[in-house]
């Protein structure tokens, strides 16, 4: 197809590598036929579980079913895959019963999450799950690779920022400070320690999922939060049928993949990646809880072609400008962040990277880029890439099918539109509902071949180990950016040694 003097090209679908160095495009086919990458595969998965008694019972039933064949919901469909069983797919032992089980009172959960003060409600509900896990880590020698935190659906419903408790179900507690008074105390500390202690709960985000992960990061506990209805299929409550629940085989593929990855395994990796390439996702998150530490938090993810990655927490500071509505780091902070990333790469690989690609959502300022450039040796090719969703162009085909995934339209020497979603010939479907929008990919700093950058971005949409999709709509550098940023600001956290992705996603 040609538009004006430019033509639309279609990039080839990136290949993935699995066991026995076999390559194929779809992760489910690859795991079924060849198994995961063999050089880092745990011999067994040691699960810990915490939840209400009914939640633990639902989990045991699901664990048993996940080690058996689960048929596809639609036979003969190219995009619906049967699940062969965890051990058959991942070549790793799978227990039908968790190694550690911790029961939480259903009444305690129901009464706590309904407290009228939402900060207290979510903080104390998180504590019901967090404290037993920490106690086990301190006092018990039994090892756990990953904790399944099975929560009732009411925790999911009421444990989010915009959740509201109706008057009929709210449990009114003693008078509290409230977030406005607490933020004033953060700026102007009180002489009374009781007031400062009461204000601490307001430093935590109103999100059960993010707050639990943030509060367990320091304990090095890897968790997977899952709703009871996801495991049971929602059959226990008529209201849950209105949720768009995934079919049992898809749930098993997605939870199985993230469990294997978070337990230290490597399901697959990108094939035919250039040697010595490192991708960095830059993330900023507004800091609304504690105004004394600036208006934003900066973090970075170092992502390698192997599927490994580390999360680096930068300093809190006034990085957001209300005039430009953009986040930018000063020179020294940019240099410090990139230096830590560079040193970690060298420590891991015993050699320097040849190319560093920084993916962000805004163009880098001169001061910011000068800091990044001064933090790495001059012979390392440092490239800044801006990636955002774009609605400046939509493509419509002559038939009922949307544009093919991988379609690309070059706007200039360093800018192009890339459709990472669309019709997938290998699956004979478009896994979406609306006309797909492209990504605007722009090489805004440094020098790099735009075609190589586009191939990299398309490849990075296939390594989201938090699920088992043919491809994601965003590269992993940006897909995890928001999730990591939410966890970094969900609770007070010190700048510590970087941790792998699995602690945050």
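Throughout, read-outs are computed from the coordinates displayed, never taken from laboratory work. This structure is a prediction, so every number in the text was calculated from the model and none was measured. Quick reminder, even Gly has a Cβ in these numbers, built from the backbone with ideal geometry, and neighbours come from all protein chains shown.
Worth a mention:
- Cα-based shape type of region 1-139, given that a ≥ b ≥ c are square roots of the gyration tensor eigenvalues and the cut on a/c is 1.5: prolate
- Among beta bridges that DSSP assigns inside the chain, antiparallel share in %, nearest 5: 60
- Relative contact order for region 273-503: 22 percent, from Cα pairs under 8 Å spaced at least 6 residues apart, divided by residue count.
- Point-to-point label distance, residue 452-residue 29, nm (Cα→Cβ direction, 7 Å offset): 2.9
- Overall form of region 71-198 per C-alpha gyration tensor (a/c, 1.5; a/b vs b/c): prolate
- For the pair region 316-349 / region 7-37, the C-alpha centres are spaced 34 Å from each other.
- Antiparallel bridge percentage (DSSP; both residues within region 273-503; nearest 5): 75
- Residue 64 paired with residue 444, simple spin-label distance in nm, labels 7 Å along Cα-to-beta-carbon: 5.5
- DSSP-defined beta bridges in region 19-154 - what % are antiparallel, rounded to 5: 10
- If the segment from residue 348 to residue 413 were pulled out straight at 0.36 nm per residue, it would be longer than the present Cα-Cα gap by 19.9 nm.
- Cut-off 15 Å, label 7 Å out along Cα→Cβ of residue 272, residues of region 424-462 by amide N: 452-460
- If R0 is taken as 45 Å, the Cβ-Cβ distance between residue 99 and residue 388 corresponds to a FRET efficiency of 0.55.
- CD proxy at 222 nm, helix term only [per DSSP H run n ≥ 4: -39500 (n - 2.57); per residue of the chain; nearest 500]: -9500 deg cm²/dmol
- Burial ordering of 213, 313, 455, fewest other beta-carbon atoms within 10 Å first: 455, 313, 213
- Alpha carbon centroid spacing (whole Å) that separates region 75-107 from region 389-430: 35
- Residue separation of residue 339 and residue 21 scaled by 0.36 nm, minus their Cα-Cα distance, works out to 111.1 nm of gained length.
- At full extension, residue 172 and residue 332 could sit 52.8 nm farther apart than now, given 0.36 nm per residue minus the alpha carbon distance.
- Highest average packing first - 216-226, 436-446, Cβ atoms within 10 Å: 436-446, 216-226
- Shape call, region 273-503: gyration tensor on alpha carbons, a/c limit 1.5: prolate
- Relative contact order of the chain, pairs being alpha-carbon contacts under 8 Å that are 6 or more residues apart, as %: 17
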